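Novice: Below is a structure I'd like to ask you about.
The values are calculated or read from the model by the stated rules, or taken from the named source; none is laboratory data. Predicted model only: the values in this text are computed from it and were never measured. Methodologically, a virtual Cβ is constructed for each residue, glycine included, from the backbone with ideal geometry; neighbour enumeration extends over all protein chains shown.
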Amino acid sequence: MKYIVVIPSLCLFACIACTGPQNKVPVLTEQWVLEGFDSPESVAADATGKFLYVSNVNGGGEDKDGNGYIATIALDGTPIAKSWADGLDGPKGLALEGDVLYVSDIDRLVIIDTVTGDIIDRVRAEGATFLNDVVIWPEHGVLVSDSGTARIYLYKDGEMSVWAEDEKFGGINGLMVWQGALLVVTMDAGELLSVDLKTKEISTLAGGMKNADMMTPLDEGGYIVSSWPGVLRYVAEDGSTQVLLNTEEIEVFMNDFVRIGNMLYVPNWQPGTVRAYSISY
């Protein structure tokens, strides 16, 4: 399918209110739209910060059909490789460490050599049914959420094991290691959680965001959280939330995004696009 870049001139949402004296609410302005993807679910920056990996499920999220692939695009929306790596089933979360890209693929963690694009290994997570997001836990391994079992798996020394399991992880999705904790968002309860990486104690930072998909902390304080199918919210440090963008009516889905500086890169499962938004105040 041909790629098309569309650069709009209008700001999709502007906010002038603040949730508190120390919280600045961000404004998201769409910068470009790149078409031509097949159910894109996640994006991750390469080691140089010059381009993005984009996972494409290209079918049903649980279908073991071999149709999934990873594309690459530049940060300005220019396509690089339509199918940089293929032979996957339902690739979702992405995490990069050195020359290795880790990809969740239904019930396996796929390990890809970023130099060649070749698959190095596929490691099964015993009991997993819907592996979702992936994050590097420096010096400890790779953490992977399983939305189907309310578990977090740990990949270390070539093996996958259950690292944590809790009813609060129902529909667990996005993960991020941040300031000594693991940030987690859940779809069932729609919560933003913080998990102590040493004790595994769980704290609730915010709620009321059903089908929460991914999060990112902001330099100015607070977080941006996406919710399926098409909502981006600002979460203040006091746990209050505010909708920044709602694209449900136009059927633009918001999935597992990444923030690089003042830019937010969001894959849209439907209609098969990736969008870039600038963050300002």
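Novice: Filter the stretch 203-233 down to residues that are under 15 Å from residue 173 (Cα atoms), under 18 Å from the mean Cα position of the chain (by Cα) and assigned to a loop (DSSP other than H, G, I, E, B), then give me how many there are.
Specialist: Here the count works out to 5.
Novice: Hey, can you tell me all the residues within the stretch 70-128 that are of a type in the set (Phe, Trp, Tyr) and either buried (at least 20 other Cβ atoms within 10 Å of the Cβ) or over 22 Å from residue 260 (Cα atoms) (or both)?
Specialist: Residue satisfying the conditions is 102 alone.
Novice: For the stretch 244-274, what are the residues that are among the aliphatic types (A, V, I, L, M) and over 14 Å from the mean Cα position of the chain (by Cα)?
Specialist: Residues satisfying the conditions are 244, 245, 250, 252, 263.
Novice: Could you list all residues from the stretch 47-60 that are modelled with pLDDT of 95 or more and not in a strand (DSSP E or B)?
Specialist: Of everything in the stretch 47-60, those that are modelled with pLDDT of 95 or more and not in a strand (DSSP E or B) turn out to be 57, 58.
Novice: Which members of the stretch 166-178 meet the condition of being over 17 Å from residue 104 (Cβ atoms) and part of a strand (DSSP E or B)?
Specialist: At the first step, the residues of the stretch 166-178 found to be over 17 Å from residue 104 (Cβ atoms) are 166-168, 170, 178.
The answer is 178, and nothing else.
Novice: Checking residue 199 against (1) in a strand (DSSP E or B); (2) closer than 24 Å to residue 136 by Cβ, only one condition comes out false. Which one?
Specialist: Exception for residue 199: condition (1).
Novice: Looking only at strands (runs of 3 or more DSSP E) that fall completely inside the stretch 94-159, which ones have 1 or more residues that are closer than 13 Å to residue 44 by Cβ?
Specialist: In the stretch 94-159, the matching strands (runs of 3 or more DSSP E) lie at 100-105, 108-113, 131-137, 141-146.
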